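This report concerns only the one structure given below.
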Amino acid sequence: MGEKVSIVIPAYNEEIAIGNTLDLINSVIKNIEEYEFELIVVNNNSKDNTKQVAEKHGALVLDELNQGYGNAYKKGMGFATGDILITGDADASYPFEDIPRFLRLMAENDFDFINTNRFANLEKNSMPVLNYFGNKMLTLMANGIYGVNIKDSQSGMWIFKKEILENMDFGIMGAGMPFSQEIKIYSNHNNNKFVEIPIKYRKRLGEKKLNPLKDGYDNFINLLNFKKKLK
């Protein structure tokens, strides 16, 4: 058995979807003998049975009381013991069946960070029109402000070496949704070997949590402010 892989999933009120997500992951990783795996769910103040369902389906569940997508990831990434981290949402929208492909690409190319591009293969109704244009606009602005070339700055599925976090200051990174664009920008800023690959993005299970206008505005303001914090 070689390297260890930590799969980290933030979750807020995802009892409907998280069982499906974890079952898919477990069905995939049980057939991968070359790696050791740990499956971490960060329960972010869920009011439903997310925690109980996740534990029933084999995940180690951490509780993060400070609300926010970024806070959940900071908790999970800090706890993870893997050499490689894989992230994704709990809502069954991301293709965890591609884990073997992700790990093969990491091993064959020595990438530091793989981002996934949802726009390459969007399932029908997987991304509402307002979200689609908001994501496209935020990606264009990130590229313009930071001089990077990212195709999907808001994608929530990443595969990366844990060691790159040693050169990232979580203290300057957002507590909420902006964390997603920040980790990609930070990776480029640190000259990590960064690549993007296409994935199939599915319609989520359960109730959507995003507020396109509020979250879009927060992400835009963050794009302006984060540049001042990067050293």
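Where a number appears in this text, it was derived from the coordinates with a stated rule and is not lab data. All of these numbers come straight from a predicted model, not from anything done at the bench. Backbone-built Cβ (ideal geometry, glycine too); neighbour counts: all protein chains shown.
Taking the Cα-to-Cβ direction at Ser27 and at Leu205 and moving 7 Å from each Cα, how far apart do the two end points lie in nm?
1.0 nm
Run the helix sum for the chain: -39,500 (n - 2.57) per DSSP H stretch of 4+ residues, divided by residue count, reported at 222 nm to the nearest 500 deg cm²/dmol.
-12000 deg cm²/dmol
In whole Hz, with x marking every Gly and Pro, tabulate ³J(HN,Hα) for region 186-191 from phi via Karplus 6.51 cos²θ - 1.76 cosθ + 1.60, θ = phi - 60°.
4, 4, 5, 4, 8, 6
Could you tell me which of the pairs Lys161/Lys193; Lys56/Lys203; Lys74/Lys231; Lys151/Lys184; Lys51/Lys161 are separated by over 18 angstrom between their Cα atoms in the structure shown?
The answer is Lys56/Lys203; Lys74/Lys231; Lys51/Lys161.
Pairwise over distinct Cα atoms, reciprocal of the mean inverse distance: report the Kirkwood radius of region 132-231 in Å, one decimal place.
Its Kirkwood hydrodynamic radius stands at 14.4 Å.
Taking θ = phi - 60°, what integer Hz values does the Karplus form 6.51 cos²θ - 1.76 cosθ + 1.60 yield along region 77-88, in sequence order, with x for Gly and Pro?
5, x, 7, 4, 10, x, 6, 10, 10, 10, 10, x
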